[in-house]
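Below is one structure, written out as structure tokens; the observations come after it.
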Amino acid sequence: MKSANGDWNMDDARVYDALLCEPVQLLERQWKQALIKRLPARAVAHPSGRGAITTFGNANFDAIVCALKLSDIDCWRLISLLRSGRFGFSEIPVFLICAEEQRLPLEPMLDPFTVLIDIDPDVALEQIRATLAGRPKSSVLVVEDEPAAAEAVHRGLKKYYDIEIAYDGPSGLAAWKARRHGLVILDLNLPGMTGTQVQEAILDVDSEQRIIILTAQDGLETHQEHILNGAWAFLSKPLNMHQLPSIVAQAFREQRILQEAEAARERASAYLALATRVHAARLTLTRGSTAEAASHLSHAAFTCRASGPTDDQWNELLTEPLQRPYTP
């Protein structure tokens, strides 16, 4: 909620953690003050890419606000380091400060997690707030009986994902059945049910569920068995929790790719069926069998789930000049 002077009330709004990469001290101070007051955010500023990536590697941020040119490198080299996943969450939102006349040549260079924002902090911060507020959080279930380990995973992921924790096997399985989380992080040594039993029970219901095994039982045979039995990844304790968000992001990214590939296969199959029916209708029309052609066209319309044309479309179709029939 904004106060009368236009600043955000810190009690009514979430406080973000922002890393500001801006090489000019005056602008750095202006932007940092704006981030603190108007986003609102806890802001850390660095004029150099080297300093920024070091800080990023030691803390979790909600966003990075970056000038196009830093004191030592340009923004693209910094973004390349961020997207590698070796220094922290690879899908961290990056907001690039640029003038209006710079936008057009920069837009083709953007990745899905990089956004151009206005050079005016007051305008830009509204863009940042809207982008961060609109980001959906995928759900992650953590099944871990050690409270300290569970809390470490929660701290490492909570900025980027919707986290639920269960402390034993039966409650973990019940939580998954209730919500069908996008990802499960599963310890093996659990009370009530072992992690192996939980994995088997989940995969019996949904063989495509993504599961990451996180355990101190890191023998090769254990690793092999869980991957062969359906787990997506096997991580050994102790784990660098700062790298965990990127591992989780990779799991979700691969899942999206597989889902998109399956959707593309379904569309290709539908298009083939549609083309076959239309071709059959054309051939039957040339033989004068209008009823059979109409049947093929009805099946074609059903295949692509197409509704009939609107009145305007009918008028356009009826009045447009007839073209010569297509001859293959």
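Miscellaneous remarks
- Number of residues in region 158-185 that are more than 22 Å from Gln259 (Cβ to Cβ) and crowded, with 21+ Cβ neighbours inside 10 Å equals 4.
- Flag for Glu208 being under 19 Å from the mean Cα position of the chain (by Cα), surrounded by fewer than 20 Cβ atoms within 10 Å (Cβ to Cβ) and farther than 24 Å from Phe89 by Cβ: yes
- Subset of region 28-43 (residues that are within 18 Å of Leu96 (Cβ to Cβ) and surrounded by 17 or more Cβ atoms within 10 Å (Cβ to Cβ)): Glu28, Trp31, Lys32, Ala34, Leu35, Leu39, Ala41, Ala43
- Residue that is surrounded by the fewest Cβ atoms within 10 Å (Cβ to Cβ) [pool: residues in region 66-80 that are more than 18 Å from the chain's Cα centre (by Cα) and under 16 Å from Val115 (Cβ atoms)]: Trp76
- Verdict on Glu225 being acidic (Asp, Glu) and at pLDDT below 85: no
- Qualifying residue in region 269-283 (condition: at pLDDT 80 or above and of a type outside the set (A, V, I, L, M)): yes
- Every test in (1) within 25 Å of Ile247 (Cβ to Cβ); (2) surrounded by 18 or more Cβ atoms within 10 Å (Cβ to Cβ); (3) at pLDDT below 95 is passed by Ala59 save one, and that test is (2).
- Hits in region 100-117 (condition: surrounded by 11 or more Cβ atoms within 10 Å (Cβ to Cβ) and within 17 Å of Lys69 (Cβ to Cβ)): Gln102, Arg103, Leu106, Met109, Leu110, Thr114, Leu116, Ile117
- With respect to the conditions (1) within 27 Å of Glu208 (Cα to Cα); (2) free of Cβ contacts under 8 Å to residues at least 12 places away in the same chain, Ile247 falls short on a single one, namely (2).
- Just one of (1) within 24 Å of the chain's Cα centre (by Cα); (2) among the basic types (Lys, Arg); (3) closer than 19 Å to Arg129 by Cβ fails for Arg83. It is (3).
The values are calculated or read from the model by the stated rules, or taken from the named source; none is laboratory data. Note that the structure is predicted; figures quoted are calculated from it, not measured. Positions of Cβ are generated from backbone atoms using ideal geometry, with glycine treated the same way; all protein chains shown enter the neighbour counts.
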